[in-house]
1. Can you give me the Kirkwood hydrodynamic radius for segment 64-105, using every pair of distinct Cα atoms, in Å to one decimal?
2. Convert each backbone phi in segment 13-23 into a coupling constant with the Karplus relation 6.51 cos²θ - 1.76 cosθ + 1.60 (shift: θ = phi - 60°), then list the ³J(HN,Hα) values in order as whole Hz, x for Gly and Pro.
3. Taking amide H positions as placed in the peptide plane 1.01 Å from N, state which residues far from H36 in sequence (5 or more) or on other chains have amide H under 5 Å from it.
4. What percent of all Cα-Cα pairs in segment 67-142 falls into each 10 Å bin, going from 0 up to the bin containing the maximum distance?
5. Looking at the chain, which longest stretch skips every one of the GluC sites (Glu not before Pro) that is in a DSSP loop with at most 15 other Cβ atoms within 10 Å, leaving the sites themselves out?
6. How large is ³J(HN,Hα), in whole Hz, for each residue of segment 29-40 in order, when computed from phi with the Karplus curve 6.51 cos²θ - 1.76 cosθ + 1.60 and θ = phi - 60°, using x for Gly and Pro?
7. When only DSSP loop residues count, what trypsin sites (Lys or Arg not before Pro) in segment 1-103 have their Cβ near at most 14 other Cβ atoms within 10 Å?
8. Regarding segment 1-136, what whole-number volume in Å³ per residue does the convex hull of its Cα atoms give?
Amino acid sequence: MRGSPRGERIWYDPIGTAVAPGTTIRFINRDPGNSHTATAYHPVNHDRRRRIPAKADSWDSNFLLPDEYFEITLTAPGVYDYYCLPHEMAAMVGRIVVGTPDDTDWEGSSNDKSDVSEDVLKALPLVQKILSEGTVRKEDGS
């Protein structure tokens with residue numbers, strides 16, 4: 001979790017990452033001026049549409065102050081989209097790809113566009129880009 005010095009831009013770094021099933025992801029708030037969350041798109045979190053695999057556990061880090069962290073272990077193969085609760089409208093979103101489409105029970109990215117803005121959809125890196133590059137970063141948070 002990052003932010004520009006005056007707080008006019010916020011972002012996840014990386015915005016996209018590929019990991020093996022069973023990997024523990026650590027979200028660390030490295031933004032000295034804002035609190036952030038890492039919240040899975042899931043009905044248990046503010047009645048949002050599910051954008052993580054059906055067999056995956058949902059998560060919500062709650063608000064993390066600067067230098068605080070939250071960890072989640074992702075076991076179900078597929079695409080996990082998440083957002084920062086106070087900054088989703090600024091397209092502070094990210095995507096984690098667990099495993100590959102060849103894995104049993106793989107669940108690809110959601111096609112539902114009814115619960116997210118066009119800015120959010122544009123901000124999420126493509127699954128193929130994440131799989132080919134391993135990690136996708138926003139260069140300056142813009």
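Here, each number is a calculation from the coordinates, and none is a lab measurement. Since the model is a prediction, treat every value here as computed from it, not as a measurement. Positions of Cβ are backbone-derived with ideal geometry, glycine not excepted, and every protein chain shown enters the neighbour counts.
1. So the Kirkwood estimate lands at 12.4 Å.
2. Listing the rounded values in order: 9, x, 8, x, 8, 10, 9, 7, x, x, 6 Hz.
3. L64
4. Calculated P(r), rounded to whole percents: 16, 48, 33, 3.
5. 69-138
6. After applying 6.51 cos²θ - 1.76 cosθ + 1.60, I find 7, 9, 9, x, x, 9, 9, 9, 10, 10, 10, 6 Hz.
7. In loop regions of segment 1-103 (DSSP not H, G, I, E or B), the sparsely surrounded trypsin sites (Lys or Arg not before Pro) are R6, R30, R49, K55.
8. With only Cα atoms used, segment 1-136 gives 95 Å³ per residue.
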